[in-house]
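Mind having a look at this structure? Questions to follow.
Just so it is clear, none of the values below were taken in a lab; they were calculated from the coordinates. Keep in mind that what you see is a predicted model, and the values were worked out from it rather than measured. Please note: Cβ atoms are built from the backbone with ideal geometry, for glycine as well, and neighbour counts cover all protein chains shown.
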Amino acid sequence: MTRSFFPSCRALRDSDRPIDSASGLPIPPMGHNPDAEREDDSFKEGVDKAVWKKAESERVHDKPPRYLFARVSVFLIMLLWVIPGFLKVKDISAFMGIVEQHEVIPEQYEPLLMWVGPGELVMGLLLVFVMGSELRKPFGKLVLLASMALIGVFTYYLTLVDPVVLQTSGCGCLSDYRIASGIEDGPRYFAYGKNLILLILHVVALLGPAMVDSRRRHAG
């Protein structure tokens, strides 16, 4: 047999590491510390876990908000447009008769009243889109501002109606359906209260998302 079959018997070279006589293993170079390597690995694992937790919290924080209160407000506004609009379309002659009793709109413009009910239904349909995907977009804000302006116009209209006539005829908001309150000048107070609630809901729908975004920015 040749020497190649016995590696331990080959001649040592200058580049070989010195052998530990007790264990027969090469002596590690100066500065080599296996325990230190294990400590470095544990430190690296701790850093990785901290980075992962931070990234996870940022992903949760970056989740788009739902704007729940604003969307509920838009939903209620939509109902208060759709229901009166449907009742007016259902019995347009009754609604036009009530408005004629108010004696506010000139006679030549009374044929335009037949478009009030369909217009309210269209506004309700637009608010459905606002509630779904257009809440924070310019189109959604424009629709809410237009709805708010129309509520203001209807409120001003009621101030022009004689209180005695309004008490007997009603405001016409729900066509010929009226809520019996037993209060003097009840139709006016009912209409004012409903319009005030609508205006508050508009403010919540317009300013609520901006407040939520501002709170998230400060929290981040």
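Please order Val72, Val99, Val153, Val130 by the number of other Cβ within 10 Å, starting at the fewest.
Fewest-to-most Cβ neighbours within 10 Å comes out as Val153, Val72, Val99, Val130.
As a test of understanding, state the convex hull volume per residue of region 68-219 from its alpha carbons, in Å³.
114
Still on this model: Rounded if a/c is under 1.5, else prolate if a/b beats b/c, else oblate: with a ≥ b ≥ c from the C-alpha gyration tensor eigenvalues square-rooted, which is region 89-175?
prolate
Fewest Cβ neighbours within 10 Å first, please rank Ile200, Ile151 accordingly.
With the sparsest Cβ surroundings first, the list reads Ile200, Ile151.
How would Tyr192, Tyr109 line up from fewest to most surrounding beta-carbon atoms within 10 angstrom?
Fewest-to-most Cβ neighbours within 10 Å comes out as Tyr109, Tyr192.
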